[in-house]
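The values are calculated or read from the model by the stated rules, or taken from the named source; none is laboratory data. Because the structure is predicted, anything quoted here is derived from the model rather than measured. No Cβ is skipped: glycine too gets one built from the backbone with ideal geometry, and neighbour counts run over all protein chains shown. These accessible areas exclude ligands, DNA and RNA; they are computed on the full protein's heavy atoms, side chains included. Shrake-Rupley method; radii C 1.70, N 1.55, O 1.52, S 1.80 Å.
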Amino acid sequence: MANVTLKNVDKTYPGGVKAVADFNLEIPNGEFVVLVGPSGCGKSTLLRMVAGLEEITAGTIRIGERVVNDVPPKDRDIAMVFQNYALYPHMTVRENMAFGLKLRKFPKQEIESRVREAADILGLGDLLDRRPKALSGGQRQRVAVGRAIVRKPEVFLFDEPLSNLDAKMRTQMRVEISRLHQQIGATMIYVTHDQIEAMTMGERIVVMKDGVVQQVDSPVRMYDRPANRFVAGFIGTPQMNFFNARIRAEGGSLVVEGPGDSRLPVPETQRAALATYRDKPVILGLRPEDIGSAAAEQLANAPRIRAKVEIIEPMGAESYVHFNIGGTPFISRVDAHVTFQIGQVAELAVFIGKAHFFDPQTECRIETVSAH
Amino acid sequence: MTHLLRRRFPGRLLALTLLGTLISIPFFWMISISFKPRAEAESPDVLPVVATAQNYPIVLDARPDPATNRYLGMRYGRWYYNTFFIALGVTLLQVLTSSMAAYAFSRIQWRGRDQVFMLYLATMMIPGVVTMIPNFQIMVWLGFVNTYHGLIIPAAFSTFGTFLLRQFMLSIPPSLDEAAQIDGASHWHIFWEIILPLARPGLIALAILTFIGSYQSFFWPLVMLNSEDLFPISIGLLTLDSSYGTQTEMIMAAATMAVAPLIIVFVIFQKFLVKGLQMGGVKG
């Protein structure tokens, strides 16, 4: 096991395209870190640089105590699981898993016992003599994971390993990979574009955009305190609602003047930070579960807004209701038993204590530091 | 498939049948004449009136020619051996060198790779006769004239083979190389244990084409060889014509025997050839 340290890592492709800019991250031994971001954000490039499949333009990558910048992939003591599985099609499951050990000249018995062990962990015992062609997508992915674990590497790298699976299989494999992490406790770096995978699996999440780190945090903290508008919109489904608003002074206090002439009191914890924004525009962010939800409705003295119902998406236990307020659309996540009519103007409670504020220019989060 | 073809494109089927028949006529003509006795050899009948297999033992030197009562002195055994030895040698080496070159041109990133490949490919535009004399000169310098290596070595490298296998290898996903690299494989391992097994249909297709090409090669052996011991069948057949005037039925019997192994090879491996040439359908 080992920690992984990336310091000032840069990647510029020939032709000047910058894939990763000044990336810094310290991953302690045994941590499960998820790199997440939209396609083209540099997350896969970063993983490939850790693997040694891609050269770095500047900076240092350390695995354990060793700087591995110029170390070939095979000597980095890593294993990687690829999006398309990358199983050797002409080899059986057993041969696929044993290939790396064979090349490293492990004794036959050791290879057999390690393959057995991995097959047991992953439930592949009956499939060892099959070729990848005869396996389902989920089984193939399990073999790919098996090929990684037989080597007992310091670090596991996952490059969007679940993207090719159907939704049901993806949920199942998500749990399996998390369980595997608990079982073997190795350092794991996992790349995905799916924020649900990031939230459910990562001990820490790194959100990237255009090669630049946006925020590094635990899933819950990232959800509760997104560092900027991009992270706020990226993490969470349905995504956070954003409103153009303005801070006004009113009766010795501050209010947020939102769309549709709505006026919401600024929560006490945010007053200090927002005081400097008096008469200035801000972006108000409200998660769908903080408008019109049961939790918001139960609050005493919750401020209310009036909005028109446009579309209702029943999800079973809850419904996503699309509203419109003064030309700004937003989504609310309400209990399924609360019935709305399309076209109806509803009055919704706002959980203003959970509101997020962003600077319209920098898009950074506005908050009072001492509040948290 | 045939049903489909018949139902949807009756015209096309007719045209293909006609074309196939046209192409086959000289071939069947050859076989037909090889079974005709001397008296009928020049007659325009499609089939022999009195079919006889006697031309074969005569050509094989098992019996004397009844017309002259002399043995023809043809050395079929030796020629077969030479032809197979040369063709197999060329095939083996050409598949090996082509696959290695194809690997370098498809799986390894190096500066100027694609430009070099284009340049290499451009050599396919140069007709063989243009390089014949310089090549012969090189063979003279190397002392390869009138040897087996003179026939095998120059044919061991092929632009077409490299091109064919490169296209094939490009269809194998690069993540396999990367996975193997992380597994600890060197280029040699990746080439030998991953890429070659996956490129097998392509290798077989190239092997068949090379074998047939080498089997049929005529002009280069004609230029290079003067010892009858080294003659392949294609050159051996010439002796029949020159030493005994034109005996059509003998020549046809000899020619039939010359092409027979090729047809057998083709029939056995035809499936692989088609598969290997349908490169687009290859999945890694």
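List of remarks:
- Boolean, B:Leu237 is more than 14 Å from every other protein chain (Cβ to nearest Cβ), free of Cβ contacts under 8 Å to residues at least 40 places away in the same chain and either part of a loop (DSSP other than H, G, I, E, B) or not aromatic (Phe, Trp, Tyr) (or both): yes
- Selection of region A:292-308 for residues being under 14 Å from A:Val321 (Cβ atoms), among the hydrophobic types (A, V, I, L, M, F, W, C) and open to solvent by 20 Å² or more (accessible area, probe 1.4 Å) yields only A:Ala294.
Results for (1) buried (at least 18 other Cβ atoms within 10 Å of the Cβ); (2) more than 8 Å from chain B (Cβ to nearest Cβ); (3) at negative phi; (4) not polar (S, T, N, Q), shown as yes or no for each residue.
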{"site": "A:Leu53", "(1), (2), (3), (4)": "yes, no, yes, yes"}
{"site": "A:Asn96", "(1), (2), (3), (4)": "yes, yes, yes, no"}
{"site": "A:Phe99", "(1), (2), (3), (4)": "yes, no, yes, yes"}
{"site": "A:Lys105", "(1), (2), (3), (4)": "no, yes, no, yes"}
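- Scope region A:70-94; condition buried (at least 18 other Cβ atoms within 10 Å of the Cβ) and not in a loop (DSSP other than H, G, I, E, B); matching residues: A:Pro73, A:Lys74, A:Ile78, A:Ala79, A:Met80, A:Val81, A:Val93, A:Arg94
- Hey, A:Val67 touching a strand residue (DSSP E or B) at 6+ places or on another chain (Cβ under 6 Å), open to solvent by 30 Å² or more (accessible area, probe 1.4 Å) and at pLDDT 90 or above or not: yes
- Taking the criterion of being within 16 Å of A:Ile78 (Cα to Cα) and either more than 10 Å from chain A (Cβ to nearest Cβ) or of a type in the set (D, E, K, R) (or both), the residues of region B:171-212 that qualify are B:Asp177, B:Glu178, B:Asp183.
- Looking across region B:215-224 at every residue that is crowded, with 17+ Cβ neighbours inside 10 Å and in a helix (DSSP H, G or I), the one that is farthest from the other protein chains (Cβ to nearest Cβ) is identified as B:Met224.
- Residues of region B:89-108 satisfying the condition of being aliphatic (A, V, I, L, M), open to solvent by 20 Å² or more (accessible area, probe 1.4 Å) and modelled with pLDDT of 95 or more: B:Leu92, B:Leu93, B:Val95, B:Leu96, B:Met100, B:Ala101, B:Ala104
- Residue match in region A:16-25 (condition: away from chain B (no Cβ under 14 Å), farther than 26 Å from A:Glu203 by Cα, part of a strand (DSSP E or B) and under 23 Å from the mean Cα position of the chain (by Cα)): yes
- Residue, nearest to A:His193 (Cα to Cα), within region A:38-51, restricted to residues that are out of contact with any helix residue (DSSP H, G or I) (no Cβ under 9 Å at 6 or more places or on another chain) and either in a loop (DSSP other than H, G, I, E, B) or more than 14 Å from every other protein chain (Cβ to nearest Cβ) (or both): A:Ser39
- Hits in region B:42-65 (condition: surrounded by 11 or more Cβ atoms within 10 Å (Cβ to Cβ), over 15 Å from B:Leu237 (Cβ atoms) and in contact with a Pro (Cβ under 9 Å, 6 or more places away or on another chain)): B:Pro48, B:Ala51, B:Thr52, B:Gln54, B:Arg63
- Of the listed requirements (1) open to solvent by 40 Å² or more (accessible area, probe 1.4 Å); (2) away from every other protein chain (no Cβ under 13 Å), A:Met173 misses just one: (1).
- Only one entry of B:Ile152, B:Ile182 meets the criterion of being modelled with pLDDT of 90 or more and surrounded by 22 or more Cβ atoms within 10 Å (Cβ to Cβ), and that entry is B:Ile182.
- If the condition is being touching a Ser or Thr at 6+ places or on another chain (Cβ under 8 Å) and aliphatic (A, V, I, L, M), then region A:1-32 contributes A:Met1, A:Ala2, A:Val4, A:Leu6, A:Val9, A:Ala19, A:Val20, A:Leu25, A:Ile27.
- Any hit, region A:183-190, residues being at pLDDT 95 or above and within 14 Å of chain B (Cβ to nearest Cβ): yes
- Strands (runs of 3 or more DSSP E) contained entirely in region A:147-250, each with at least 1 residues that are more than 27 Å from A:Thr5 (Cα to Cα): A:241-250
- Residues located in region A:77-90, provided they are closer than 18 Å to A:Val4 by Cα, facing chain B (nearest Cβ under 8 Å) and more than 21 Å from the chain's Cα centre (by Cα): A:Ile78, A:Ala79
- Selection status of B:Ile263, among the β-branched types (Val, Ile, Thr), more than 14 Å from every other protein chain (Cβ to nearest Cβ) and free of Cβ contacts under 8 Å to residues at least 12 places away in the same chain: yes
- The lone exception for A:Gly185 - which of (1) surrounded by 20 or more Cβ atoms within 10 Å (Cβ to Cβ); (2) touching a Gly at 6+ places or on another chain (Cβ under 6 Å) it fails: (1)
- Residue in region A:80-87 that is within 19 Å of B:Leu176 (Cα to Cα) and among the small types (Gly, Ala, Ser) present: yes
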